[in-house]
Amino acid sequence: MPSSTTFSPIERRDDFIPVIVGGDLGAYAVGREFYEAFGVRSYCIAPAPISAISRSAIFDVVPLRKMDAEHIRETICDLARTAGGKRLFVTSNMDMHVENIARIRDSLPQGVVVLAAPLDAIHAVDTKESFARLAAEHGVRLPKTVNVSLAGDAPIEPWPDAFPVIVKASSSVEYVPARRKGFDKVYLLQSQPEVDDLFRRLREVGFSGTMLMQQPVFGDDTFKRSLTVYIDRRGELVLDTGAQVLLEDHRPDMIGNPVTMVTRDLSAFSRGAVELLRSVGWHGPANFDLKVDERTGELFVFECNPRLGRNSYYVSASAVNPMWLGVKDLLDEEDLPLFTHRETALYSVVPLRLALRYLSGDLASEARSLIRAGRAVNPTKAPFEHDLRRNLTEAAIGLNYYRKFAKYYPRINATGI
């Protein structure tokens, strides 16, 4: 992990330029990983990236108002023409844009490398119905789930089990227009009338996709797990690491996004997940959301994200820099060994004092020990970022989390929702 006062890349090189599609926290983490691996600045293609990117020392922003596949392709082609012979290494850490760059991969200029799984493999895991079928074939356990199509106006069968029930979209990409109209990412509903009302309102705004009704897996945020893997161009597993969630964001539009994690070795749980990916011809990174049922100790998988994940910097802190891995695999075509969890680190995008309010017992003791040992990381706080306005904005965002948690999650509950 880079020192808090000094910095030098793993290996300095200037033969390629990273291009990151999207401008959120996950994009910043990837740009930081590129910089710490190779000392290179990244292009960020986004309409309005977060201030951590727009005022960063390691990004050049390429504004793009219309973020569809064709406009992204045109922008990448323009960058390739002005790259001075350097290759472009294109990636994204957002579902919809991972799909976009996978779709345009074959139409990009020679010398442009794309870090994304094949499009058909992404489609196989991105919709939760397809993922459920694959999970059953490979012994990966999912919570009881019912798929509900909102196409047409036919009556919808009621949830067949006890309440509460979790309701969410099958495809995060398909659900984006509904999110923009104010619908939450995940709902925990207590009765059938609440379910019926949600489906009615979704139909009224034109959503005709598939929603999932899912049995809750009980346990607070600390029962969640994150597994990150990378399957290289040969089909070999070269990254297998994970983290235990300590605290999640609880704003309705961000629920389910971890904000504090401690890195863990999850290799005992990864075999079925990796075989599932191999069965669809996967190459590249993937991130699995898991949860342990506090009542039974059983591990359930919720979904597979076709990317490193918003919190990918925990991989750098515990196993290996994932962008170093991607460049070595695809650009240099090196055959790499398997990188696994090597040291424990505390990852947090919220103030550590706030995170500690929600911890107790051994987890609180472990977190404090890691803080004292200098093993706590925040992806947006980097020693090479000196812009005062940027850093003051990041500090204000951190302080604002106190207000958000007081409003949306003042105390721990049994489901974490």
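Rule-based calculations on the coordinates, nothing more; no lab input. In this text the structure is predicted, and so the values were computed from the model without any measurement. Please note: Cβ atoms are built from the backbone with ideal geometry, for glycine as well, and neighbour counts cover all protein chains shown.
Taking amide hydrogens as placed 1.01 Å from N in the peptide plane, the amide H of I45 sits under 5 Å from those of I20, V21, G22, V62, each at least 5 positions away in sequence or on another chain.
Couplings 3J(HN,Hα) of segment 308-324, computed from phi: 5, x, 3, 9, 4, 5, 5, 5, 4, 6, 10, 10, 6, 5, x, 6, 4 Hz, in residue order, whole Hz [Karplus 6.51 cos²θ - 1.76 cosθ + 1.60, θ = phi - 60°; x for Gly and Pro].
Using C-alpha pairs below 8 Å separated by at least 6 residues, the relative contact order for the chain is 18 percent. Using θ = phi - 60° in the Karplus curve 6.51 cos²θ - 1.76 cosθ + 1.60, the 3J(HN,Hα) couplings for segment 399-410 round to 5, 5, 4, 4, 5, 5, 5, 4, 7, 9, 8, x Hz; x is entered for Gly and Pro. Over segment 144-214, Cα pairs under 8 Å with separation of 6+ residues give a relative contact order of 57 percent. For segment 127-205 versus segment 14-64, the spacing of their alpha-carbon centroids is 34 Å. With just the Cα atoms defining each centre, how far is segment 335-388 from segment 265-312? Give it in Å. Using only Cα atoms, the two centres lie 21 Å from each other.
If you sort the three axes of the alpha carbon gyration tensor as a ≥ b ≥ c, you get a/c of 1.5 or more for segment 159-293 and a/b above b/c, which makes it prolate. Remark on segment 127-208: ratio of C-alpha radius of gyration to 2.2 N^0.38 Å is 1.13. Taking amide H as placed 1.01 Å from N in the peptide plane, the amide H of I17 sits under 5 Å from that of R87, L88, F89, each at least 5 places away or on another chain. Computed over the chain, the convex hull of the alpha-carbon atoms projects to a mean area of 19.8 nm².
Taking label points 7 Å from Cα along the Cα-to-Cβ direction, E157 and R133 give a separation of 1.7 nm.
If the chain linking D265 and Q110 were pulled fully straight, counting 0.36 nm for each residue of separation and taking away their Cα-Cα distance, it would gain 51.9 nm.
When E385, E99, E129, E204 are arranged by Cβ crowding within 10 Å, least crowded first, meaning fewest neighbours, the order is E204, E129, E385, E99. Sorted ascending by nearby beta carbons within 10 Å, beginning with the fewest, M254, M261, M213 become M254, M213, M261. Scattering from segment 16-115 was approximated by placing one identical point on each alpha carbon and applying the Debye formula without solvent; log10 I(q)/I(0) at 0.14, 0.25 1/Å stands at -0.44, -1.50. Summarising the amide proton neighbourhood of N305: residues at separation of 5 or more, or on other chains, whose placed amide H is nearer than 5 Å comprise N287, F288, D289.
Applying 0.36 nm per residue to the separation of R368 and R278 and subtracting their alpha-carbon distance, the gain on full extension is 28.5 nm. With contacts taken as Cα pairs under 8 Å and at least 6 residues apart, segment 13-55 reaches a relative contact order of 48 percent. When the GluC sites (Glu not before Pro) in segment 1-94 are filtered for DSSP coil states and for at most 15 other beta-carbon atoms within 10 Å of their beta-carbon, the remaining sites are E11.
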